[in-house]
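Below is one structure, written out as structure tokens, with a few remarks after it.
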Amino acid sequence: MSENKFDVVVIGSGPGGYVAAIRAAQLGLKTAVVEKHAALGGTCLNVGCIPSKALLQASEEYAHAGKALKRHGVMVDGLSLDLAAMMAHKDKTVGDLTKGIAHLFKKNGITRFEGLGALGAAGEVTVRAADGSETLLGAGATIIASGSATASLPGIEIDEKRILSSTGALALGEVPGHLAVIGAGYIGLEMASVWGRLGAKITVIEFLDRILPGMDGELAAQFQKLLRRQKMKFKLSTKVTGAKSGKNGVTLAMEPVAGGEAETLKADAVLVAVGRIPYTEGLGLEQAGVALDKGGRIEVDENFATNVAGVYAIGDVIKGPMLAHKAEDEGVAAAEIIAGQKSHVNYSAIPGVVYTQPEVATVGQTEEQLQDAGIDYNAGSFPFMANGRARAMSATDGFVKILADAASDRILGVHIIGAGAGTLIAEAVLAIELGASAEDLARTCHAHPTLSEAVKEAALDVDERAIHI
Ligand code: FAD
Ligand code: NAI
């Protein structure tokens with residue numbers, strides 16, 4: 001067992017787990033990672049962030065070549081789709097990146113165990129390999145980073161053929177004629193964008209009376225308008241009560257949330273995107289006495305420690321947004337805390353980005369949250385229509401909105417819809433992290449002509465002195 005004794009054992013190799021392991025190794029801790037899948041990288045690299053962005057990028061290029069390029073005097077003849085090649089690009093991107101993590105493990109002296117990791121006696125982790133053999137690891141500290149899994153709905157069985165989770169929707173062999181999407185959140189709208197651009201008719205069914213719950217209301221309303229222009233159909237305030245899969249497609253049963261007449265919808269395929277649930281199966285949590293919260297997530301304190309000494313948890317399996325960069329930051333903090341350092345994650349400065357066209361990006365508080373909390377704020381906004389670079393790019397949809405405390409001018413929230421919003425938000429995240437005021441952003445020189453000037457102008461507009469509008 002001596003060679004299997006580690007300072008830190010990480011269970012799960014997603015962005016939470018692999019980053020925690022690298023940081024622990026950097027700090028001189030003898031570190032191991034247990035991953036049940038042959039490929040490292042977790043949901044994010046294998047069936048999440050990376051494959052979805054590969055398909056979003058490729059499908060956007062296809063849609064762009066089909067329509068928008070003409071506006072710029074670029075003529076494309078004989079445009080056609082090679083879906084197999086598009087999928088091969090996605091698979092190669094995933095393969096290269098997951099192999100890259102194996103390389104990083106080697107470089108940092110991290111030992112990898114392939115198998116199901118479970119908590120054993122105090123200070124021990126067992127690894128059960130696919131062939132049934134067991135290895136016992138000594139663990140000074142254990143970090144659980146087991147991630148999350150797709151949630152489903154009662155009466156709907158995901159078969160990954162016609163009734164799909166995001167994993168199935170990332171690997172379709174042909175473009176469905178009509179794709180019904182249940183849930184207008186991150187996954188629903190990203191995957192609807194991919195298949196809509198490639199030619200599918202899209203109907204999005206959402207339980208609430210709006211899309212992207214949790215995001216700023218004005219942003220979400222504008223986004224829905226733009227998605228409608230891309231021919232997406234929405235059925236809001238509607239609940240799906242069942243799905244029947246047949247030879248010729250799927251029939252969905254639906255009814256208005258407020259009550260009323262039930263109806264059916266026929267589609268060639270259905271994507272179920274109604275959220276994700278923490279993944280805690282097989283970890284031996286009950287035997288070890290690890291407490292869960294009401295949502296079934298592992299309960300941790302501000303140091304990511306569970307109620308069991310030496311056992312920590314990070315990422316999708318604990319509270320907070322289920323985002324890769326949140327998991328990564330928690331991984332770094334947990335490793336540093338285990339190494340005896342003081343470390344934390346600033347949850348008020350975690351961006352959220354929907355990688356559609358246009359992109360939607362947000363950080364900090366929404367107008368609705370500020371109003372509910374009774375916080376007095378000033379709002380400034382600036383449309384991309386008035387930004388020179390956006391006009392040159394024919395990317396004039398959307399706006400930047402900045403919310404700042406009325407008394408101190410401190411930036412409390414930034415919400416962007418527009419081309420490149422996911423990159424533009426980084427400046428706003430830094431501003432919030434550093435406690436900057438809208439005046440600080442407004443006085444910062446922004447290169448011309450760039451989309452980032454819209455951020456500066458929105459900051460100026462907080463004080464009603466934008467220049468270009
Ligand atoms: P995971 O990445 O889920 O990794 C957990 C790992 O633990 C898995 O490899 C699993 O096999 C392993 N594991 C679990 N139990 C055990 C066990 N007992 N023993 C051994 N191994 C175990 N987030 C973003 O920020 N940006 C995006 O663009 C984005 N796009 C997404 C697109 C899709 C389609 C999906 C589904 C998710 C997306 N996400 C995105 C969310 C992101 O993938 C997750 O927030 C992130 O992967 C969470 O990281 P994690 O390390 O907590 O868990
Ligand atoms: P989500 O929580 O983003 O959206 C789920 C949607 O389904 C919500 O709008 C919800 O109101 C709706 N819904 C719930 N029950 C319903 C029902 N019975 N009928 C109709 N609608 C219903 O969850 P999603 O899209 O599944 O994604 C899971 C998580 O993965 C996200 O919350 C996000 O954390 C992460 N993710 C992040 C991405 C990114 O950062 N770009 C991309 C994809 C996923």
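Bear in mind these aren't lab numbers, they're just calculated from the coordinates by the rules spelled out. Everything numeric in this text was worked out from a predicted model, so none of it was measured. Neighbour counts run over all protein chains shown; Cβ positions are idealised from the backbone, glycine included.
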For this session: Kindly give the semi-axes, whole Å and largest first, of the ellipsoid equivalent to the chain, taking each as the square root of 5 times a Cα gyration tensor eigenvalue.
Result: 37, 30, 22
For this session: Please tell me the relative contact order of segment 349-462 in percent, rounded to the nearest whole number, where contacts are Cα pairs under 8 Å and at least six residues apart.
Result: 31 percent
Problem set entry | Pairs of Lys in segment 1-127 closer than 19 Å at Cα, counting only those 8 or more apart or on different chains | 11
Seminar exercise, completed: Ordered by fewest other Cβ atoms within 10 Å, a rough proxy for footprinting exposure, THR43, THR135 read THR135, THR43
For this session: Just check segment 163-274 against the gyration tensor rule for me: Cα atoms, a ≥ b ≥ c as the square roots of the eigenvalues, rounded for a/c under 1.5, and otherwise prolate or oblate depending on whether a/b exceeds b/c.
Result: oblate
Seminar exercise, completed: Rounded to whole angstrom, the alpha-carbon centroid of segment 266-324 lies from that of segment 132-162 at a distance of 10 Å
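Quick check on the chain: of the DSSP beta bridges with both residues there, what percent are antiparallel, nearest 5%?
Working: 50 of 81 bridges.
Bridges in the chain that DSSP calls antiparallel: roughly 60 percent.
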Problem set entry | Cysteines in the chain lacking a second Cys C-beta under 4.7 Å | CYS445
Seminar exercise, completed: segment 1-95: spread of alpha-carbon positions along the three principal axes, whole Å, largest first, is 67, 25, 14
For this session: Could you tell me what % of all Cα pairs in segment 84-178 have separations over 15 Å?
Result: 76 percent
Exercise. Based on DSSP H runs of at least 4 residues, each adding -39500 (n - 2.57), what is the mean residue ellipticity at 222 nm of the chain after dividing by all its residues, to the nearest 500 deg cm²/dmol?
Worked result: -9500 deg cm²/dmol
For this session: Tell me which residues come under 5 Å, amide H to amide H, from SER437 once H is placed; ignore anything under 5 positions away on its chain.
Result: ILE411
Exercise. By count of other Cβ within 10 Å, fewest leading, how are CYS44, CYS445, CYS49 ordered?
Worked result: CYS445, CYS49, CYS44
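Are there trypsin sites (Lys or Arg not before Pro) in segment 4-103 that DSSP marks as loop and that have at most 16 other Cβ atoms within 10 Å, and which are they?
Numbers: sites: LYS5, ARG23, LYS30, LYS36, LYS53, LYS67, LYS70, ARG71, LYS90, LYS92, LYS99; in loops: LYS30, LYS36, LYS67.
When the trypsin sites (Lys or Arg not before Pro) of segment 4-103 are filtered for loop state and at most 16 Cβ neighbours within 10 Å, LYS30, LYS67 remain.
Provide GLU330, GLU439, GLU263, GLU281 in ascending order of the number of other Cβ atoms located within 10 Å of each residue's Cβ, fewest first. Kindly include the intermediate steps, with their values, before the conclusion.
Values: GLU330 29, GLU439 16, GLU263 12, GLU281 9.
The most exposed by this proxy come first: GLU281, GLU263, GLU439, GLU330.
Report the FRET efficiency, 1/(1 + (r/R0)^6), for ASN248 and LEU79, where r is their Cβ-Cβ distance and R0 is 35 Å, rounded to 0.05. Walk me through the intermediate numbers first.
On the way: r = 29 Å, r/R0 = 0.84.
It comes to 0.75.
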Exercise. Amide H to amide H under 5 Å from LEU116: which residues, 5+ apart in sequence or cross-chain, H placed 1.01 Å off N in plane?
Worked result: ARG128, ALA129
